[in-house]
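A.B. asks: Pasting a structure below so you can have a look.
The values are calculated or read from the model by the stated rules, or taken from the named source; none is laboratory data. Here the structure is a predicted model, which means the values were calculated and not measured. Note that we place each Cβ from the backbone using ideal geometry, even for glycine, and neighbour counts take in every protein chain shown. Protein only, heavy atoms only, side chains kept; ligands, DNA and RNA dropped before computing areas. Shrake-Rupley method; radii C 1.70, N 1.55, O 1.52, S 1.80 Å.
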Amino acid sequence: MIRSLLLATSLFVGGAMSPLAAMAAQPANVGDAILAASAYHDSGDYQHDFDVVVAQARQWIDETAPKTRRAAIVLDIDETTLSNWDEIRANDFGYIAAGPCDALPKGPCGADAWEKSGRAPAFASTRALIEDAQAHHVAVFFVTGRHEDEREATERNLHLAGIRHWDGLYLRPMTSHGYAALYKTPTRERIERKGYTIIASLGDQPSDLSGGYAKKGFLLPNPFYRIP
């Protein structure tokens, strides 16, 4: 009781909350978060951590595929298969949907224009995983939050990035909005209803993996943005 009274006294001075208490109530500073995310990427730690998860997934696929009938894997595209780092950095970690993207490395860079330009490079480790899975006769499906009007641009980008073969590319219907999991989970279910067994699902957002319909999920690092 005495400690509680002392704490209350230290937090309130003259009926007002002390600076210490006010700071404790604040969320993390966005500017500090941007600096930390940039340092994480530029130090090489992000790529290292990303490659570690991909290596774990690849080992699991190699071990599981021979024991599974009609084995398949599901991959997200953005920050899983293709990197949008140039757009993310140009926009200082903000999201700008509309407008051109013609001044890189400077911003602003409209996300729609960036994606439709087909300039996103593939992660080398993910591309190698896809090639290895296909060598083991594992079907490869992409399930992305990109909408259907980006199909041609997405296919072109995958080809330009060195990924030329897949068994299905599922894009979000133009009428679909809201939580990504509400689209991605039933899409994986559709794949399994076709007779496939999804042995691994890879994504950079928890919403890429939630809801089941995969033997194992692999969450890749992404401190840059969140898609619920």
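A.B. asks: Which value in nm describes the separation of the simple spin-label points at D132 and E63, placed 7 Å from the Cα toward the beta carbon?
C.D. replies: Here the modelled spin labels are 1.3 nm apart.
A.B. asks: I'd like the accessible area for D45: 1.4 Å probe, protein heavy atoms, all chains in place, Å² to the nearest 10.
C.D. replies: 80 Å²
A.B. asks: What ³J(HN,Hα) values, in whole Hz, does the Karplus curve 6.51 cos²θ - 1.76 cosθ + 1.60 give for the stretch 105-118 when θ = phi - 60°, with x put for Gly and Pro?
C.D. replies: Listing the rounded values in order: x, 7, x, x, 10, x, 4, 5, 5, 4, 5, 6, 6, x Hz.
A.B. asks: Protein chains only, probe 1.4 Å: how do K215, K106 rank by accessible area, largest first?
C.D. replies: K106, K215
A.B. asks: Hey, another quick one. How big is the charge dipole of the stretch 101-228 about its Cα centre, in debye rounded to the nearest 20, if each Lys and Arg gets +1 on its Cβ and each Asp and Glu gets -1 on its Cβ?
C.D. replies: Computed about the Cα centre, the dipole is about 220 debye.
A.B. asks: Something else about it: Considering the options F142, I34, L158, tell which one lies farthest towards the positive end of the dipole of the chain, charges being +1 on Lys and Arg and -1 on Asp and Glu at the Cβ, about the Cα centre.
C.D. replies: F142
A.B. asks: Using the alpha-carbon centroid of each, what span in Å lies between the stretch 79-120 and the stretch 161-194?
C.D. replies: Computed from Cα coordinates, the inter-centre distance equals 22 Å.
A.B. asks: Something else about it: log10 I(q)/I(0), Debye, Cα-only the chain, no solvent, q = 0.16 Å⁻¹?
C.D. replies: Log10 of I(q)/I(0), two decimals: -1.11.
A.B. asks: In whole Hz, with x marking every Gly and Pro, tabulate ³J(HN,Hα) for the stretch 55-66 from phi via Karplus 6.51 cos²θ - 1.76 cosθ + 1.60, θ = phi - 60°.
C.D. replies: After applying 6.51 cos²θ - 1.76 cosθ + 1.60, I find 5, 5, 5, 4, 4, 4, 5, 4, 7, 8, 4, x Hz.
A.B. asks: Using the crude model of +1 on Lys and Arg Cβ and -1 on Asp and Glu Cβ, and no other charge, please compute the dipole size for the chain relative to its Cα centre, in debye to 20.
C.D. replies: Roughly 800 debye for the chain.
A.B. asks: Under 5 Å between amide hydrogens, which residues at least 5 positions from L75 or on another chain qualify, with H placed 1.01 Å from N in the peptide plane?
C.D. replies: Those qualifying (amide H under 5 Å, at least 5 residues apart or on another chain) are F141, F142, V143, L202.
A.B. asks: Please list, in chain and number order, the residues 5+ apart from K216 or on another chain whose amide H is under 5 Å from its amide H, with Hs placed from the backbone.
C.D. replies: Amide H neighbours of K216, under 5 Å, 5+ apart: A200, S201.
A.B. asks: For the chain, build the charge dipole from Cβ charges (+1 Lys, Arg; -1 Asp, Glu) around the Cα centre, then report which of S83, A55, A200 sits farthest towards its positive end.
C.D. replies: Value: A200.
A.B. asks: Rounded to the nearest 0.05, what FRET efficiency do L35 and A97 have when you use their Cβ-Cβ distance and R0 = 35 Å?
C.D. replies: Working from the Cβ atoms, E equals 0.90.
A.B. asks: What figure, in Å² to the nearest 10, do you get for the accessible area of R156 with a 1.4 Å probe and non-protein molecules left out?
C.D. replies: Only protein atoms counted, so the area is about 80 Å².
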